[in-house]
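For reference, the structure discussed in these notes is given below.
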Amino acid sequence: MNERLKLENQLCFPLYVCAKEVIRRYAPLLEPYGLTYTQYIAMMVLWEHRSLTVKELGNYLFLDSGTLTPMLKKMERSGWLRRSRSNRDERVVVVSITEEGDWLQEQLVDVPTEIAQCLTLGGEEAMQLYRLLNTMIRNF
């Protein structure tokens, strides 16, 4: 067996498992509101920016419009956001937070703290991991 092909020697595998497990821990916190993790991170971007084009939102989340569009339609039906055509270019769809979306933010404000309590990293370790992962993301 080639050592390079052993699962235990792959950096991607622990990244995959950790990402999957952390996201799994969000489910019971988001499920009462009918949100998936991907919808939650989309809302986080909208809470911060209030209004963005679908393309801009996709850039923040590293998602394409084919993935975002059905998700945003569902979120619009839930009342969390509004989609509209840009006044400048009708091909561009603008996504904006609604009052219901703001209400949702108030309900979910403690989620990051609850997730942090699930992790077995200390504060400095968590910050070091955050910096390393962001370095990797910038280089993609």
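Accessible area of L129, 1.4 Å probe, to the nearest 10 Å²?
About 80 Å², ignoring ligands and nucleic acids.
If F62, F140, F13 are ordered by their accessible area, calculated over protein heavy atoms with a 1.4 Å probe, which sequence runs from highest to lowest? List each step's numbers first, then the result.
Values: F62 145, F140 185, F13 80 Å².
The ranking, largest first, comes out as F140, F62, F13.
Helix-only mean residue ellipticity at 222 nm, the chain, DSSP H runs n ≥ 4 weighted -39,500 (n - 2.57), per residue, nearest 500. What is it? Numbers along the way, then the final one.
Working: 7 runs with 87 residues, N = 140.
About -19500 deg cm²/dmol.
Pop out the carbon and sulfur fraction of the accessible area of the chain as a percent, whole number, probe 1.4 Å.
Numbers: 5540 of 10100 Å².
On the chain, the fraction of accessible area on carbon and sulfur atoms equals 55 percent.
May I ask you to give the solvent-accessible area per residue for region 57-140, in square angstrom, as obtained with a 1.4 angstrom probe? Write out the running numbers ahead of the final one.
Working: 6200 Å² over 84 residues.
Roughly 74 Å² per residue, with all protein chains present.
HN-Hα J couplings of region 123-140 from phi, Karplus 6.51/-1.76/1.60, θ = phi - 60°, integer Hz, Gly and Pro as x?
x, 5, 4, 4, 5, 5, 4, 4, 5, 4, 5, 5, 4, 4, 4, 4, 8, 7
Within region 49-67, list the residues whose amide N lies under 18 Å from a label point set 7 Å along Cα→Cβ of N87.
Within reach of a label on N87: 50-54.
The values are calculated or read from the model by the stated rules, or taken from the named source; none is laboratory data. No experiment lies behind these values; they were computed from the predicted model shown. Note: ideal-geometry Cβ built from the backbone for every residue, glycine included; neighbour counts use all protein chains shown. Heavy atoms of the whole protein, side chains included, go into the accessibility calculation; ligands, DNA and RNA do not. Shrake-Rupley method; radii C 1.70, N 1.55, O 1.52, S 1.80 Å.
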